[in-house]
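Asker: Can you keep this structure in mind? I'll have questions shortly.
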Amino acid sequence: MSKEMLAAFQILEEEKHIKKEDIIDAVTESLKSAYKRRYGQSESCVVDFNEKTGDFQVFTVREVVDEVFDSRLEISLKDALLISSAYELGDKIRFEESVKEFGRVAAQSAKQTIMEKMRKQTREIMYNEYMQHQGEIMTGTVERFDQRFIYVNLGSLEAQLSHQDQIPGETWKSHDMIDVYVYKVENNPKGVNVFVSRSHPEFIKRIMEREIPEVFDGTVEIMSVSREAGDRTKVAVRSHNPNVDAIGTIVGRGGANIKKVISHFHPMRVDAKTGLSVPVEENIDVIEWQEDPADFIYNAIAPAEVDYVIFDPEDAKRATVVVPDSKLSLAIGRRGQNVRLAAHLTGFRIDIKSASEYEEIMAKWEEEAGATEAVETVEENVADTIVSEEVDTTEEA
């Protein structure tokens, strides 16, 4: 049994990553607990483990006293001397107990404790493993589906791909290989949850790092991404090498690099005429990042032209963008998509105004300002008149 115990320790340590010390502690505590249930106390219980033989020994420790009040904790000097003439008052004598008396209960308790430690240790190892991949792309296999998630097998667990994290129009079957972006890892008593996405803006960034060498080595940096997955994305980039064109590098010769990126997405839509599903390409607008917020917003509104960018003096993150009348619908975009993406990309709340609308606003403001100034002038004149009359009246008096 002892050899089997040592072998079990080794297996648990090597395969389950449970330290031998933790197992010994679990068995020791279980033996003490079983001892307490049998004898009503555990203060006098000592458990020893023999590293060579793998044996656990349980001892009751009694103190040598003149008069015994509790036989579970004490032994009389008279009885102690029968064991050995060397014992004196205050000495502690250990009496070995038969583990068989309460070993079965202790073994069951130890098993439960070790199993819990195994589950906790396994969760911790898995959590640490996947935390290393948070913010990265992993490749997995579509395992199964339910109403909430697609479950993706990443090797040692199933990650959860929710509806909002999927690209609209993409369809998957069991056993399909799939690239996903790991954006959150949770460790809780029920297990480790890994949440993944294909619609996340960072997914685009990681795909570009994979497909474009200049992005991977840092020559071209992706500063921000705003995305409506399966439809349109805006990417702001800058070059750290004056001889490298950031936009040209991302697009590639003849659009080769962008095509590589888009090839990772597979959205489909139903053609209204034929009723058949046809592939859809996610449009990616690549713009140059600028340190100056006005220039950055100017670029972000592309493909529309911009006349002015006016910042709100009372709100540092709000801006009004004035565009030519003919470019208003282009600047706003279909269902407001262009300005919405530009706002997410730049971090500003953006209001779009046509040039004529802005001129009307300014004219009205100037008119109101002029009226206010006229009123103030009249009030000043009236006040001056009153003062003058008061002075005249005083002089007459």
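The values are calculated or read from the model by the stated rules, or taken from the named source; none is laboratory data. Since this is a predicted model, take the numbers as computed values, not measurements. Glycine gets a Cβ as well: all are built from the backbone with ideal geometry, and neighbour counts include every protein chain shown. Calculation scope for accessible area: heavy atoms of the full protein, side chains included, ligands and nucleic acids excluded. Shrake-Rupley method; radii C 1.70, N 1.55, O 1.52, S 1.80 Å.
Asker: Within segment 213-220, is even one residue open to solvent by less than 30 Å² (accessible area, probe 1.4 Å), at positive phi, in the same structural domain as VAL261 (by the TED database) and over 17 Å from the mean Cα position of the chain (by Cα)? Write out each step before concluding.
Answerer: Within segment 213-220, the subset open to solvent by less than 30 Å² (accessible area, probe 1.4 Å) is 215, 220.
Add one more test, that the residue is at positive phi, and what stays is none.
There is no residue in segment 213-220 that is open to solvent by less than 30 Å² (accessible area, probe 1.4 Å), at positive phi, in the same structural domain as VAL261 (by the TED database) and over 17 Å from the mean Cα position of the chain (by Cα).
Asker: Can I ask one more? Could you tell me how many of the residues in segment 93-113 are open to solvent by 80 Å² or more (accessible area, probe 1.4 Å) and in contact with a Lys or Arg (Cβ under 7 Å, 6 or more places away or on another chain)? Before the answer, list the steps.
Answerer: Just the residues of segment 93-113 that are open to solvent by 80 Å² or more (accessible area, probe 1.4 Å), to begin with: 94, 96, 100-101, 104, 108, 111-112.
Checking the rest, the ones that are also in contact with a Lys or Arg (Cβ under 7 Å, 6 or more places away or on another chain) come to 101.
Residues meeting the conditions: 1.
Asker: Return only the number of the condition from (1) over 19 Å from ALA294 (Cβ atoms); (2) exposed (fewer than 14 other Cβ atoms within 10 Å of the Cβ) that GLU314 does not satisfy.
Answerer: Only one criterion in (1) over 19 Å from ALA294 (Cβ atoms); (2) exposed (fewer than 14 other Cβ atoms within 10 Å of the Cβ) is unmet by GLU314, namely (1).
Asker: Residue by residue through segment 150-170, note down the ones that are closer than 29 Å to ARG232 by Cβ and open to solvent by 60 Å² or more (accessible area, probe 1.4 Å).
Answerer: HIS163, GLN164, PRO168
Asker: Now for a separate question. Let me spell it out: the conditions are (1) within 30 Å of ARG349 (Cβ to Cβ); (2) part of a loop (DSSP other than H, G, I, E, B); (3) out of contact with any helix residue (DSSP H, G or I) (no Cβ under 8 Å at 6 or more places or on another chain), and GLY218 meets all of them except one. Which number is the exception?
Answerer: Of everything listed in (1) within 30 Å of ARG349 (Cβ to Cβ); (2) part of a loop (DSSP other than H, G, I, E, B); (3) out of contact with any helix residue (DSSP H, G or I) (no Cβ under 8 Å at 6 or more places or on another chain), GLY218 misses just condition (1).
Asker: Condition first: at pLDDT 95 or above, among the aliphatic types (A, V, I, L, M) and out of contact with any Ser or Thr (no Cβ under 9 Å at 6 or more places or on another chain). Can you find one or more residues in segment 221-228 that meet it?
Answerer: Within segment 221-228, one or more residues are at pLDDT 95 or above, among the aliphatic types (A, V, I, L, M) and out of contact with any Ser or Thr (no Cβ under 9 Å at 6 or more places or on another chain).
Asker: Can you confirm whether VAL58 is more than 26 Å from LYS32 (Cα to Cα) and not hydroxyl-bearing (Ser, Thr, Tyr)?
Answerer: Numbers: more than 26 Å from LYS32 (Cα to Cα): no; not hydroxyl-bearing (Ser, Thr, Tyr): yes.
No.
Asker: Consider LEU82 carefully, then state whether it is at negative phi, open to solvent by 80 Å² or more (accessible area, probe 1.4 Å) and not charged (D, E, K, R).
Answerer: Values: at negative phi: yes; open to solvent by 80 Å² or more (accessible area, probe 1.4 Å): yes; not charged (D, E, K, R): yes.
Criteria met by LEU82.
Okay, residues lined up against (1) touching a helix residue (DSSP H, G or I) at 6+ places or on another chain (Cβ under 8 Å); (2) in the same structural domain as LEU345 (by the TED database); (3) closer than 30 Å to GLU357 by Cα:
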site: ILE250; (1), (2), (3): yes, no, no
site: GLY254; (1), (2), (3): no, no, no
site: LYS260; (1), (2), (3): yes, no, no
site: MET268; (1), (2), (3): no, no, no
site: ALA272; (1), (2), (3): no, no, no
site: VAL278; (1), (2), (3): no, no, no
site: GLU281; (1), (2), (3): yes, no, no
site: ILE284; (1), (2), (3): yes, no, no
site: PRO324; (1), (2), (3): yes, yes, yes
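Asker: Filtering segment 230-267 down to residues that are touching a Gly at 6+ places or on another chain (Cβ under 8 Å) and not in a loop (DSSP other than H, G, I, E, B), which residue is surrounded by the most Cβ atoms within 10 Å (Cβ to Cβ)?
Answerer: Within segment 230-267, the match that is surrounded by the most Cβ atoms within 10 Å (Cβ to Cβ) is ILE258.
Asker: Residues in segment 55-89 that are within 30 Å of ARG104 (Cβ to Cβ) and of a type in the set (S, T, N, Q): how many?
Answerer: Residues flagged as within 30 Å of ARG104 (Cβ to Cβ) and of a type in the set (S, T, N, Q) within segment 55-89 amount to 3.
Asker: Further question: Could you tell me whether any residue of segment 19-30 is closer than 30 Å to SER156 by Cβ and exposed (fewer than 12 other Cβ atoms within 10 Å of the Cβ)?
Answerer: Yes, the conditions are met somewhere in segment 19-30.
Asker: So in segment 268-310, with the set limited to residues that are among the aromatic types (Phe, Trp, Tyr) and open to solvent by 80 Å² or more (accessible area, probe 1.4 Å), which one is farthest from the chain's Cα centre (by Cα)? I'd like the intermediate steps shown before the answer.
Answerer: Restricting attention to segment 268-310, the residues satisfying the condition of being among the aromatic types (Phe, Trp, Tyr) are 289, 296, 298, 308.
From the residues that got through so far, the ones that are open to solvent by 80 Å² or more (accessible area, probe 1.4 Å) too are 298, 308.
On the way: TYR298: 32, TYR308: 38 Å.
Looking at residues that are among the aromatic types (Phe, Trp, Tyr) and open to solvent by 80 Å² or more (accessible area, probe 1.4 Å), I get TYR308.
Asker: Right, something else. How many residues does segment 326-358 hold that are over 31 Å from the mean Cα position of the chain (by Cα) and loosely packed, with under 13 Cβ neighbours inside 10 Å? Working first, answer last.
Answerer: Filtering segment 326-358 for residues over 31 Å from the mean Cα position of the chain (by Cα) gives 326-334, 351-358.
Narrowing the set further to residues that are loosely packed, with under 13 Cβ neighbours inside 10 Å leaves 326, 334, 356.
Result for segment 326-358: 3.
Asker: Is it the case that segment 56-79 has a residue that's touching a Ser or Thr at 6+ places or on another chain (Cβ under 6 Å), touching a residue at least 12 places away in the same chain (Cβ under 8 Å) and among the aliphatic types (A, V, I, L, M)?
Answerer: yes
Asker: Can you tell me which residue in segment 252-267 is farthest from the chain's Cα centre (by Cα), limited to those that are closer than 14 Å to MET208 by Cβ and among the basic types (Lys, Arg)?
Answerer: Result: LYS259.
Asker: Here's something else I'd like to know. I'd like the residue in segment 114-149 that is in contact with a Ser or Thr (Cβ under 9 Å, 6 or more places away or on another chain) and assigned to a strand (DSSP E or B) and, out of all such residues, is least open to solvent (accessible area, probe 1.4 Å).
Answerer: For segment 114-149, the residue satisfying everything is VAL142.
Asker: Across segment 65-79, what is the total count of residues that are open to solvent by 90 Å² or more (accessible area, probe 1.4 Å) and touching a Phe, Trp or Tyr at 6+ places or on another chain (Cβ under 8 Å)?
Answerer: Residues of segment 65-79 open to solvent by 90 Å² or more (accessible area, probe 1.4 Å): 66-67, 69, 72, 78.
Filter once more, so that each one left must be touching a Phe, Trp or Tyr at 6+ places or on another chain (Cβ under 8 Å): 72.
The total comes to 1.
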